[in-house]
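Student: Before anything else, here's the structure in question.
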Amino acid sequence: MKKKINKYDIGLIAAIIIINVFLIIFSGREVVKSNNKIAYIYSNNQLVREYVFTEDVKDEVTIETDTGYNILHIEDGQIWIHDASCPDKICIYQGKISRNGEMITCLPNGLFIKIVDENDESEIDFIAD
Amino acid sequence: MNKTQRYIFLSLLTAAALILSIIEGMIPLPYIAPGAKLGLSNIVILSVVVVFGFKDAFLVVVIRSILLMVVATNPITFIYSITSGIVSTIVMSIGCKYLKNIFSLIGISVLGAMAHNSTQITVAAILFTTIDLYYYLPILSLVSIFTGCFVGYTAIFVTDNLEKTLLKLGREA
């Protein structure tokens, strides 16, 4: 077994960095300003709520499952998780989302929030399904 | 080294992996992406792969995941930790067996960390039935390079010491 970092390791690391930086650049989303945003909230694969997402929607929801709870806030065209029962609070750190395609996930509680722009092409795929 | 000594070593290493997993959860880290973490217990898993081989590493991973669920987390986290643990162990074993003349432990550890992330996202995508989660894969892969280098570099020292200890034990027996 080789004990020191060698040129192949550095090559592997460089290749991974280049590929992933490219992926990040090309997967960047366009900022779409529209009022047809819809926020879908899924809990354990069930669509529990959906909001047509405008500046003046204001709400606070608690979503409970067998494993715990998440408290959502919706205000000023943004949606975020205010409090959760999970120990790592990753869903809270994901912050406020407001743009098309942005999402919040909470793995322990099976919560998944996603914002979809209804003017987007993705809706056509949805209908085709 | 006889069978009992082997099992004692493996149980000590399992305990070390479990404790590292628990401590890792207590270290506050800046938030980068969901699922980004240090993977400290991977130091132990990689060392077991190198010193003892795939079968023992597989056992250590499975027992570590079950104990972690009982001690610190919940059954859903267990699904993620056991699947990604097993896949990254398989990848690191293949790396140790066939690529050891090319990569050092650092390269193998980076490969293992990438496998770990990919599996975790795949499992999440299956559980949530959405492919959107793959959006996080590039950023997680970049993070896994840093943690992978750290884990690999540490594992070099651990395997060195472990091999010396086992050699000494073999001479005394």
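Student: So which strands (runs of 3 or more DSSP E) stay within region A:1-106 end to end and still have 1 or more residues that are within 14 Å of another protein chain (Cβ to nearest Cβ)?
Tutor: Numbers: elements: A:37-43, A:46-52, A:59-64, A:69-75, A:78-84, A:103-106.
Strands (runs of 3 or more DSSP E) meeting the threshold: A:37-43, A:46-52, A:69-75, A:78-84, A:103-106.
Student: Something else: If you check B:LEU127 against the conditions, is it open to solvent by 40 Å² or more (accessible area, probe 1.4 Å) and either under 11 Å from the mean Cα position of the chain (by Cα) or at pLDDT below 90 (or both)?
Tutor: Values: open to solvent by 40 Å² or more (accessible area, probe 1.4 Å): yes; either under 11 Å from the mean Cα position of the chain (by Cα) or at pLDDT below 90 (or both): yes.
Yes.
Student: Now for a separate question. Considering each of B:SER81, B:SER21 in turn, give the residue that is open to solvent by less than 40 Å² (accessible area, probe 1.4 Å), under 17 Å from B:PHE150 (Cα atoms), within 14 Å of chain A (Cβ to nearest Cβ) and at pLDDT below 95.
Tutor: Values: B:SER81 fails: under 17 Å from B:PHE150 (Cα atoms).
Only one candidate passes the filter, namely B:SER21.
Student: Quick one: which residue in B:ILE90, B:ILE139, B:ILE94, B:ILE156 is hydrophobic (A, V, I, L, M, F, W, C), within 9 Å of chain A (Cβ to nearest Cβ), farther than 25 Å from B:TYR31 by Cα and part of a helix (DSSP H, G or I)?
Tutor: Details: B:ILE90 fails: within 9 Å of chain A (Cβ to nearest Cβ); B:ILE139 fails: farther than 25 Å from B:TYR31 by Cα; B:ILE94 fails: within 9 Å of chain A (Cβ to nearest Cβ).
Unique residue meeting the criteria: B:ILE156.
Student: Still on this structure, please answer the following. Among the numbered criteria (1) buried (at least 19 other Cβ atoms within 10 Å of the Cβ); (2) within 13 Å of the chain's Cα centre (by Cα), which single criterion is violated by B:LEU140?
Tutor: Failed condition: (2).
Rundown of residues vs (1) of a type in the set (Phe, Trp, Tyr); (2) modelled with pLDDT of 85 or more, yes/no style:
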residue: A:ALA14; (1), (2): no, yes
residue: A:ILE24; (1), (2): no, no
residue: A:VAL32; (1), (2): no, no
residue: A:ILE38; (1), (2): no, no
residue: A:ASN44; (1), (2): no, no
residue: A:THR62; (1), (2): no, yes
residue: A:TRP80; (1), (2): yes, yes
residue: A:GLY101; (1), (2): no, no
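Student: Follow-up question, since we're still on this one. Scan (1) at the interface with another protein chain (Cβ under 8 Å from one of its Cβ atoms); (2) open to solvent by 40 Å² or more (accessible area, probe 1.4 Å); (3) hydroxyl-bearing (Ser, Thr, Tyr) for the single condition B:SER104 breaks and write down its number.
Tutor: Going through (1) at the interface with another protein chain (Cβ under 8 Å from one of its Cβ atoms); (2) open to solvent by 40 Å² or more (accessible area, probe 1.4 Å); (3) hydroxyl-bearing (Ser, Thr, Tyr) one by one, B:SER104 breaks only (2).
The values are calculated or read from the model by the stated rules, or taken from the named source; none is laboratory data. Everything numeric in this text was worked out from a predicted model, so none of it was measured. For neighbour counting, all protein chains shown are included, and Cβ atoms are generated from backbone atoms with ideal geometry for every residue, glycine included. Accessible surface areas use protein heavy atoms only, side chains included; no ligands, DNA or RNA. Shrake-Rupley method; radii C 1.70, N 1.55, O 1.52, S 1.80 Å.
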